[in-house]
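Input: a single structure, listed below in structure tokens.
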Amino acid sequence: MKMKLVVALVVFTAVAAGIFYFLTTGNIGTRYNTAQVEKGEVGKFVQETGRVSSKNIRKFYGSSANKVESLNVQLGDHVNSGQLLISYEDNLDIEIQKVRKQIEALEATYSDAASGTDIERINSAKIEIARINGNIELATKNKDRIEELYNNGAVSLVELEQAQNNLAQLQSSLAVAQNNYNQLIKGVSGSTRKRYEAEIDVLLLTLESLEKSRENSMIYSDIDGIVTELNTFIGDVPMAGSMILEIQDPSAKVVLIDFMVEDALLIKPDMRALIIDQNLGIDIDNLKVGRVYPKAFITMSELGVEENRQTVEIELPGNTEDLPYGVELETRIIVDESEEALLIPKEAVYSRNGNSYVEILQDGESVEREIVTGIEDGNSIEIMEGLAEGESVILNYRED
């Protein structure tokens, strides 16, 4: 009986000693989570939340002058260039008729003085010249606007050439109308013609002013797009300066990201960009930076801290038309392209006195080693000096 007890104590002591040795001087690798130094690709990037917008946006504002008489669009409607969107109440038709009657009276007054000259044809020619001049003014503004869009890459060369051709045709029509007018007034005396021209010019200026006022009472779209905001209704008198309508061009979609200025300074046009938004399940590669806005601005963070930020624009491909305007997406811009490097998990690195260190397994022992780190990429960090491929770095103590 005593012999059995002694044997049991010896066995228990041996097992306890073995466990103690295993936990203290045995294989240290079993006490730590480790990771190997491996080769991989690493690139430096900046990341921020962006929002979907368009490079081509039209906003229309109220004037507090008249009531909305008709509203021809709804939120989400697709509209075409030249389509009437909103019209306001006005009494301009009566004023325009009055001026036209005055023109008719002027024709009758000078019909006898002109000795048989066709005053009505002269008057029509004069009105035609005024009409063409008005169209030339509009065509010039349209050509300048399209030229600016073309220089920014927003429209094609075909659209610019069409605008230039429209202006050239109107200028040619003006020359023909002017020549026709000159032929008609040959039979009129100089004094009669000057007096007639002065009086008719006053009436034509009044008529032109009324026509422009009527144009201002109607809002037309000058792009093909989608109504993304609508803040008025029939009978409404929109407050001056308040935005009542917004149209965005879906063929010119972009993502706008407000980066901290220190990050924005690293970004240049044509740099590669990605959208990686796990929450929305969106992964779009091979994008590029369109432009970096030249003006920075101050904004307040959620914590009430002032931040200096700068907007960066990323172009979106045509197959992203289903992305809603205003949706927020996690966006990444590659500021240093990928290259092969030695990588370890970032959690293995710690700092002391401004230097970086890791602990490695060397001959079964934990050994501290100073390292030089490089680019951080996701959960990994580049090792430039201090480690070799295949070495094991300690991540943390494993309780189990």
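The values are calculated or read from the model by the stated rules, or taken from the named source; none is laboratory data. Not measured: the values here are computed from a predicted model. Reconstructed Cβ throughout: ideal geometry from the backbone, glycine too, with neighbour counts over all protein chains shown. For the accessible areas, the whole protein counts, side chains as well, though only heavy atoms, and no ligand, DNA or RNA atoms are used. Shrake-Rupley method; radii C 1.70, N 1.55, O 1.52, S 1.80 Å.
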Asp249: passes all of (1) modelled with pLDDT under 85; (2) among the acidic types (Asp, Glu); (3) closer than 24 Å to Val289 by Cα but (1)
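Residue-wise test of (1) modelled with pLDDT under 90; (2) closer than 30 Å to Pro294 by Cα; (3) within 19 Å of the chain's Cα centre (by Cα); (4) open to solvent by less than 20 Å² (accessible area, probe 1.4 Å).
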site: Glu208; (1), (2), (3), (4): yes, no, no, no
site: Ile223; (1), (2), (3), (4): no, yes, yes, yes
site: Thr228; (1), (2), (3), (4): no, yes, yes, no
site: Lys268; (1), (2), (3), (4): no, yes, yes, no
site: Ile276; (1), (2), (3), (4): yes, yes, yes, no
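Can you tell me which residues in region 101-125 are in a helix (DSSP H, G or I), charged (D, E, K, R) and modelled with pLDDT under 80? I'd like the intermediate steps shown before the answer.
In the first step, residues of region 101-125 are kept if they are in a helix (DSSP H, G or I); the result is 101-111, 119-125.
Subsequent filtering for residues that are charged (D, E, K, R) retains 101, 104, 107, 120-121.
Hits for region 101-125 are Glu104, Glu107, Glu120, Arg121.
I'm trying to understand the selection: among the residues of region 257-306, which are among the acidic types (Asp, Glu) and over 25 Å from Asp322 (Cα atoms)? It would help to see each step written out before you state the result.
Filtering region 257-306 for residues among the acidic types (Asp, Glu) gives 258, 262-263, 270, 277, 283, 285, 302, 306.
Result: Glu262, Asp263, Glu302, Glu306.
Does region 50-62 hold any residues that are open to solvent by 50 Å² or more (accessible area, probe 1.4 Å) and part of a strand (DSSP E or B), and which are they?
First pass over region 50-62, keeping only residues open to solvent by 50 Å² or more (accessible area, probe 1.4 Å): 51, 55, 57, 59, 61.
The answer is Arg51, Ile57, Lys59, Tyr61.
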Just give me the residues in region 236-262 being more than 14 Å from Glu313 (Cα to Cα) and not hydrophobic (A, V, I, L, M, F, W, C), in sequence order. Asp236, Pro238, Gly241, Ser242, Glu246, Gln248, Asp249, Pro250, Ser251, Glu262
Among the residues of region 280-301, how many are open to solvent by 40 Å² or more (accessible area, probe 1.4 Å) and touching a residue at least 40 places away in the same chain (Cβ under 8 Å)? 2
Checked pairs for region 159-181, first farther than 13 Å from Gly134 by Cα, second part of a helix (DSSP H, G or I) and among the small types (Gly, Ala, Ser), C-beta under 7 Å and 6 or more apart or across chains, list as Asn166/Ala139; Ala177/Ala125; Asn180/Ala125; Tyr181/Ala125
I'd like to check something: does region 302-312 contain any residue that is surrounded by 14 or more Cβ atoms within 10 Å (Cβ to Cβ), hydrophobic (A, V, I, L, M, F, W, C) and over 41 Å from the mean Cα position of the chain (by Cα)? no
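Residues to consider are Ala348, Ala341; find the one that is open to solvent by less than 40 Å² (accessible area, probe 1.4 Å), closer than 19 Å to Gly40 by Cα, of a type in the set (A, V, I, L, M) and modelled with pLDDT under 85.
Numbers: Ala348 fails: modelled with pLDDT under 85.
Within the list Ala348, Ala341, the selection yields Ala341.
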For region 376-400: of the residues being open to solvent by 30 Å² or more (accessible area, probe 1.4 Å) and closer than 25 Å to Arg332 by Cα, which is modelled with the lowest pLDDT? Gly378
Which condition from (1) open to solvent by less than 40 Å² (accessible area, probe 1.4 Å); (2) more than 22 Å from the chain's Cα centre (by Cα) is the one that Ala252 breaks? (2)
I need every pair where a residue in region 227-238 that is free of Cβ contacts under 8 Å to residues at least 60 places away in the same chain has its Cβ under 8 Å from the Cβ of a residue that is assigned to a loop (DSSP other than H, G, I, E, B), sequence separation at least 6 or different chains. Asn231/Pro238; Asn231/Ser242
First in region 50-65 and under 23 Å from Asp90 (Cβ atoms), second anywhere and assigned to a loop (DSSP other than H, G, I, E, B) and of a type in the set (Ser, Thr, Tyr), Cβ under 6 Å, 6 or more apart: Gly62/Ser242
